[in-house]
Amino acid sequence: MVSPISAYFRASVRPMKSVGLLIVAAMVSASGACAQSARKAAAQPNVFLVTIDTLRADHVHCYGYESIQTPALDNLAKDGVRFAQAFTPSPITNTSHISILTGLLPDTHGVMDFAVPLATEYPVWAELLKKRGYHTGAFIGSIVLDSRNFAPGLDRGFDFYDNFPEVAPNKSRWERLERRGEDVARRAENWLSAVNSDKRLPGKMGSDTKMCTYISNYR
């Protein structure tokens, strides 16, 4: 069986002509197979934030591009809300992601370039959700979002932030500069499974355990 996250990436990372427009797909879903009341499930959903860097909207099927099939994105657009006009506050990857996770424009949060740390006075999305009892994980597809070097502060509030290896395993671009979408999805799925099976944590997925997962794919 193909998991929802794997299906999403397998459908989304087929070859595309990509330039610097950030398209963000945010998916918030409440677990339906639980013993909680409908009101409690709706109030405490599992949360997934998925971003696809350097993807042009005019190269996605649901935005009118007929030369490629993106069924997972098409289904998200069909079942959710598709914005016809969405603009990034910055063409710089870490700057725009900081804006997504803080809700602030670059001239406010101050991260205007790579390697500029986010000031501690600005709370990020994961910190706020963690205070509400969420287990938080982040999985990145490009080294420009590595919180040790290019994006300091982006990892705040995450129980696990999947940075790149400090020593590259080889000279290939994969795992040194980028990760394939399928690999990013697999890492996220493994983390979700591990948290769900950890007996030390309260509850289970779909019951008391609330999950916040941030997945950033590079093209």
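Coordinate-derived values only; no laboratory data. These numbers come from a predicted model, not from an experiment. We place every Cβ from the backbone using ideal geometry, glycine too, and count neighbours over all the protein chains shown.
Go through 63-71, 167-175, 152-160 and give me the packing order, highest mean Cβ count within 10 Å leading.
Result, highest mean first: 152-160, 63-71, 167-175.
Which percentage, to the nearest 5, of the DSSP beta bridges contained in segment 78-219 is antiparallel? Before the final figure, lay out the partial values.
Working: 1 of 13 bridges.
So the antiparallel bridges in segment 78-219 amount to around 10 percent.
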